[in-house]
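Q: If you scroll down you'll find the structure; I have some questions about it.
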Amino acid sequence: MAISIEKAANTDLGQIQAIDRMTFGSDSRKAFLADSVANGRCLVARDGDTVTGFGILEQTFYGQGFIGLLVVHPEWRRRGIATALIRRMESGCPTRKLFTSANESNVPAQKTYEACGFVRSGYIENLDEGDPEIIYFKRLGKTREVGDEHGYVRKRA
Ligand SMILES: CC(C)(COP(=O)(O)OP(=O)(O)OC[C@H]1O[C@@H](n2cnc3c(N)ncnc32)[C@H](O)[C@@H]1OP(=O)(O)O)[C@@H](O)C(=O)NCCC(=O)NCCS
């Protein structure tokens, strides 16, 4: 299956919000998702016109790159879509260190990040009661693409 990864367009927002709602059972992130798309921080995976997953890359974690959200439509999981999104976020990350996190109870997310070469880097308690947030870290290579306002095109040594 060819996985196409692109920066999300405003026209993708409805599908992104629907995937988020069906996964987490709430609309609480609606404004955050709209803001992320509007500010070019959201990537989507597509199959034709269908959005099959999305990922949001921020730089809000002590100034370091941080995958704030990564969600694949339930019907499209275990086909490498999250892996493809992670790879693209790695190549677009403006910092040499990339962090993300997963709840202790979220084994699929932990396995996904570990399969992509992330290692554990501590944890934070008291975010979700009784379910610590495991921090993951990956040191990025020396040569990669750096994101700019037009997409993920510029190479940096
Ligand atoms: C976590 C998530 C994004 C993974 O998406 P995905 O597209 O299914 O992941 P991939 O197909 O790229 O999986 C890559 C590898 O990760 C591991 N993996 C992924 N899901 C797994 C699972 N449920 N159980 C065990 N290993 C898993 C496997 O090694 C897999 O490779 P394989 O399928 O060849 O064995 C998806 O399950 C999801 O959207 N979950 C709900 C949202 C969420 O928890 N997001 C993360 C925190 S924001």
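The values are calculated or read from the model by the stated rules, or taken from the named source; none is laboratory data. Predicted model, so just to flag it, every value in this text is computed and none were measured. Every residue, glycine among them, receives a Cβ derived from its backbone with ideal geometry; neighbour counts consider all protein chains shown.
Q: Scan the stretch 28-36 and give yes if some residue there is within 14 Å of the ligand (Cβ to nearest atom), among the small types (Gly, Ala, Ser), surrounded by fewer than 23 Cβ atoms within 10 Å (Cβ to Cβ) and assigned to a helix (DSSP H, G or I), otherwise no.
A: no
Q: Could you give me the residue pairs with C-beta distances under 8 Å whose first residue belongs to the stretch 71-96 and is at positive phi, whose second residue is hydrophobic (A, V, I, L, M, F, W, C) and surrounded by fewer than 23 Cβ atoms within 10 Å (Cβ to Cβ) wherever it lies, and which are 6+ apart or on separate chains?
A: Here the result reads GLY80/MET1; GLY80/ILE3, each pair linking the stretch 71-96 to a residue that is hydrophobic (A, V, I, L, M, F, W, C) and surrounded by fewer than 23 Cβ atoms within 10 Å (Cβ to Cβ).
Q: In the stretch 33-81, which residues are hydroxyl-bearing (Ser, Thr, Tyr), over 16 Å from GLN15 (Cα atoms) and at pLDDT 95 or above?
A: Once the filter is applied, which keeps residues that are hydroxyl-bearing (Ser, Thr, Tyr), over 16 Å from GLN15 (Cα atoms) and at pLDDT 95 or above, the stretch 33-81 yields only TYR62.
Q: Right, something else. Output the residues belonging to the stretch 93-119 that are in a strand (DSSP E or B) and under 18 Å from GLY68 (Cβ atoms).
A: Passing the criteria: LYS97, LEU98, PHE99, THR100, SER101, ALA102, ASN103.
Q: Looking at the stretch 95-104, which of its residues are of a type outside the set (Lys, Arg) and more than 10 Å from the ligand (Cβ to nearest atom)?
A: Across the stretch 95-104, the qualifying residues are THR95, LEU98, PHE99, GLU104.
Q: Hey, another quick one. Give GLY25, GLY63, GLY92, GLY80 a once-over and let me know the one that is away from the ligand (no atom under 15 Å from the Cβ) and surrounded by fewer than 19 Cβ atoms within 10 Å (Cβ to Cβ).
A: None of the other options fit; the residue is GLY63.
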